[in-house]
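The values are calculated or read from the model by the stated rules, or taken from the named source; none is laboratory data. These numbers come from a predicted model, not from an experiment. With ideal geometry, Cβ positions are generated from the backbone for all residues, glycine too; neighbour counts draw on all protein chains shown.
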Amino acid sequence: MSAKTLPEHDRCDNHRKYRLSCQQLEDLIERSGQQCEICQTPSARTSWGRLHIDHCGPQWAVRGLLCGNCNIQLEDDKAGSPEARNYLANAWWEQRCAAIGVPTTLRPEPPIGSAIRNQFGTIYIRYNDYLWDAPRQNGRNAPTMQWDRLYRSYGPHNLAPFDLRAAFDSDSLEYSVRYALVNGQCYADTRAALGIPQQDMPPRDVWTPRKSLPWLETPEQTVAALRGFVTPEECRRIGELLLEDTRTASQNARDVA
């Protein structure tokens, strides 16, 4: 992050009210050149000695940074100058939508197993037909939400698609699949969801793996994540390895007895 450039940035509650992360505020400041985006008055020379965060409609619909006078004129629907019209045609939040490749309206809900990452770095995974879950991350819990509530809470420009597979290396991927297969509350359904053939699997206490990613706290969250990108062929291969490990462990136990 660049150096903080506005006095009120020492109070992050101000920009968070508009669903802006610290980095997003700094990006806005850089875009504005530290001056009103309509009249070009430098921040230090405005009547308040600072720029205002301008939005329209939802709190997250931030258009840019303005001096107090220009902000009031827009609120009074006085946008007659070419500079004001150009400003309104280049709203910051709409530019962000274009940058991450999403529409400015509520887009169709991604399939189960998909993931998005909001402006604060929280990863939400579509857990089932109704809910998006954000497993515990950075020591904090985020609320489970439906898709339309995510849109209303953060705005489309803050719901960037997230590549879950990039968070797994080959070793952690295998452990995660094993964890889901063995420890799922209904692991027969888990196998079906992941494309594993209906075959006998070991009891849960035979093989207890370490968890690969700390923010996947339950088997169900792991399954939701894996369904987004793990192929049936990968699942079958890992399932076969798991069965082989179980047979080996059982044979060793018999040999010891």
Discussion item. Exactly one condition in (1) at pLDDT 80 or above; (2) closer than 16 Å to N71 by Cβ; (3) within 27 Å of the chain's Cα centre (by Cα) is false for R19; which is it?
Written reply: (2)
Practice prompt. Take the stretch 14-31 and flag every residue that is of a type outside the set (A, V, I, L, M) and either assigned to a helix (DSSP H, G or I) or without any contact (Cβ under 8 Å) to a residue 24 or more places away in the chain (or both).
Written response: N14, H15, R16, C22, Q23, Q24, E26, D27, E30, R31
Practice prompt. Find the residue count for the stretch 20-56, including only residues that are surrounded by fewer than 20 Cβ atoms within 10 Å (Cβ to Cβ) and over 20 Å from E94 (Cβ atoms).
Written response: 13
Item to complete: Residue by residue through the stretch 32-73, note down the ones that are assigned to a strand (DSSP E or B) and of a type outside the set (D, E, K, R).
Response: Q35, P42, H52, I53, H55, V62, G64, L65, L66
Worksheet item: Which residues, taken from the stretch 73-115, are modelled with pLDDT under 90 and β-branched (V, I, T)?
Response: I112
Worksheet item: Does at least one position in the stretch 74-81 carry a residue that is surrounded by 16 or more Cβ atoms within 10 Å (Cβ to Cβ), out of contact with any helix residue (DSSP H, G or I) (no Cβ under 6 Å at 6 or more places or on another chain) and part of a helix (DSSP H, G or I)?
Response: yes
Worksheet item: Restricting attention to the stretch 149-164, does a residue exist that is more than 12 Å from the chain's Cα centre (by Cα), modelled with pLDDT of 85 or more, surrounded by fewer than 16 Cβ atoms within 10 Å (Cβ to Cβ) and not assigned by TED's automatic domain parsing to the domain that holds Y18?
Response: yes
